[in-house]
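Trainee: My questions will all concern the structure given below.
The values are calculated or read from the model by the stated rules, or taken from the named source; none is laboratory data. Everything quoted here is computed from the prediction, not taken from an experiment. Don't worry about glycine lacking a Cβ; one is built from the backbone with ideal geometry, like all the others, and counts go over all protein chains shown.
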Amino acid sequence: MKFLVINGPNLNMLGIREPGVYGTGTYEDLLDRIRRTAEAENVEVGFFQSNHEGALVDAIQQAYGVFDGIILNPGAYTHTSIAILDALKAVRLPAVEVHISDVKSREPFRQISYAGMACVKTFMGMGFDGYCEALRFLKRYLTERAQPSVGSDRDPRE
Ligand code: DQA
């Protein structure tokens, strides 16, 4: 199993950026955490970060046929980008949305998530742990999907 972890604008500034909201760990610390979880879960991970909306769209498109799933923190583009939503819908890879902060308890302009509309699950307000939870969730999700249990909605004649 191979997942792409995508981070949007300003997440490269972790550690410097609003430590009261996002903590003191750096972007490199975040990648280390995810790498260790991936190793323990026997999952391969790739990473991509950009401050540019189109580059994030490109990364999602290029994940098609290469990765089995996407873990995505679109940063502020969460609340504005229909292009990222459309890219997720285009590739139809299972995606999990992550937010380091508890977006639900923040400003009104953060209350909509376009990307979230194409994600199977959202983890928020858990700091860096949210990415690790997302990875474990995605692994479980794909494993269960590959082995539908009795009582699933698959045609029994298949
Ligand atoms: C964020 C929340 C967004 O509202 C914000 O614009 C970010 C980070 C988070 O991880 O909590 O850049 O996605």
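Trainee: Would you please name the residue that is modelled with the highest pLDDT, looking only at residues in the stretch 111-151 that are surrounded by fewer than 11 Cβ atoms within 10 Å (Cβ to Cβ) and of a type in the set (A, V, I, L, M, F, W, C)?
Mentor: Among those that are surrounded by fewer than 11 Cβ atoms within 10 Å (Cβ to Cβ) and of a type in the set (A, V, I, L, M, F, W, C), it is Ala146.
Trainee: Among the residues of the stretch 63-77, which ones are more than 24 Å from Phe109 (Cβ to Cβ), surrounded by fewer than 21 Cβ atoms within 10 Å (Cβ to Cβ) and not aromatic (Phe, Trp, Tyr)?
Mentor: Gly65, Val66, Asp68
Trainee: May I ask you to list pairs of residues, at least six apart or on different chains, whose Cβ atoms are under 6 Å apart, with the first in the stretch 41-56 being modelled with pLDDT of 95 or more and the second being of a type in the set (D, E, K, R) and not in a helix (DSSP H, G or I)?
Mentor: Listed pairs, sorted by first residue: Glu44/Lys2.
Trainee: What is the number of the single condition among (1) under 14 Å from Asn7 (Cβ atoms); (2) over 13 Å from the mean Cα position of the chain (by Cα); (3) not polar (S, T, N, Q) that Pro74 does not meet?
Mentor: (2)
Trainee: Let me ask something additional. Being of a type outside the set (Asp, Glu), buried (at least 18 other Cβ atoms within 10 Å of the Cβ) and closer than 22 Å to Arg140 by Cβ is the requirement here; does Val96 meet it? Walk me through how you get there before you give the answer.
Mentor: Working: of a type outside the set (Asp, Glu): yes; buried (at least 18 other Cβ atoms within 10 Å of the Cβ): yes; closer than 22 Å to Arg140 by Cβ: yes.
Yes, satisfied.
Trainee: Quick one: Pro108 ticks every box in (1) touching a His at 6+ places or on another chain (Cβ under 8 Å); (2) farther than 23 Å from Met13 by Cβ except a single one, so which number is it?
Mentor: (1)
Trainee: Ok, one more. Filter the stretch 85-117 down to residues that are within 15 Å of the ligand (Cβ to nearest atom) and touching a residue at least 40 places away in the same chain (Cβ under 8 Å) and give me whichever is farthest from the chain's Cα centre (by Cα).
Mentor: Ser101
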